[in-house]
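Every read-out reported here was derived from the displayed coordinates using simple, explicitly stated rules and does not represent laboratory data. Here the structure is a predicted model, which is why all the values come from computation and not from measurement. In this analysis, Cβ positions are derived from the backbone assuming ideal geometry, glycine residues included, and neighbour counts consider all displayed protein chains.
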């Protein structure tokens with residue numbers, strides 16, 4: 001098989017070389033600008049924001065029977081409980097990956113000049129089921145292994161292994177979902193192409209990851225603040241605490257879903273530009289520097 005990088009082939013499919021870097025005159029290629037542009041692009045396809053919601057509900061429906069089974073297993077059958085837990089991780093991974101690919105497929109469709117819908121995005125994800133299932137199993141396995149190593153080593157060593165392992169995996173898999181959404185390929189080929197694309201055109205992909213990570217941390221801090229606020233209100237009025245708690249949780253969940261959708265759009269745009277595909281709505285000069293070839 002030919003080298004898996006921009007301008008090479010994978011699974012018999014050719015990938016075009018990157019487009020020439022345009023002249024100046026666009027926003028600076030910061031993570032914030034890329035995320036902001038992705039947000040404005042997402043606003044054209046509000047229906048697609050529902051995909052993470054549907055995915056979350058589907059994952060919950062899929063995991064409930066396993067939770068019931070796990071609850072019914074006696075404490076003495078620890079191996080059976082662990083097995084059920086692992087199955088649950090894989091089930092959630094498959095469902096989550098499916099809807100993540102659907103959202104990326106919708107972004108691809110929009111940037112190809114068409115009007116995506118939930119139906120068309122889901123249909124594309126279904127046509128990529130080989131890559132979806134394979135990627136879900138691979139990513140879940142990596143997560144389980146890293147978690148097991150972290151617990152086995154414990155202390156500072158375990159935390160360091162977990163941190164570095166998760167960082168390496170995040171880098172290697174950065175473009176995997178957009179790649180699977182665009183191409184009918186397996187998980188290993190998607191990982192190879194993602195890794196090679198990141199190595200060759202890596203500049204601001206890391207910035208986007210960092211910026212989105214900071215937003216995620218901000219959401220978690222906001223959640224803890226909301227929990228303390230609701231606990232304080234509970235001493236004054238239980239009803240008021242419940243109402244405020246529901247409102248704050250729904251706001252937090254909405255922000256989390258929007259962040260997930262924005263992340264998908266940003267990664268699709270970076271991958272498409274690195275592959276020489278059109279990215280309407282995203283300033284070419286900004287993306288050109290964002291995926292500058294590694295020297």
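Data table
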{"read-out": "Fully extended contour minus Cα-Cα distance, from residue 86 to residue 130, at 0.36 nm per residue", "value": "13.8 nm"}
{"read-out": "Gain in span if fully extended, residue 117 to residue 54, counting 0.36 nm per residue against the direct Cα distance", "value": "21.3 nm"}
{"read-out": "Computed label-point distance, nm, for sites residue 40 and residue 229 using a 7 Å Cα→Cβ extension", "value": "3.0 nm"}
{"read-out": "Exposure proxy ranking, count of Cβ atoms within 10 Å, fewest first, for 54, 230", "value": "54, 230"}
{"read-out": "Hydrodynamic radius (Kirkwood) for region 47-130, which is based on Cα pairs only, to one decimal in Å", "value": "14.2 Å"}
{"read-out": "FRET efficiency for residue 199 and residue 64, using Cβ-Cβ distance with R0 set to 41 Å, rounded to 0.05", "value": "0.50"}
{"read-out": "Footprinting exposure proxy for 50, 233 (fewest neighbouring C-beta atoms within 10 Å first)", "value": "50, 233"}
{"read-out": "For region 230-281 and region 70-149, distance of Cα centres in Å", "value": "20 Å"}
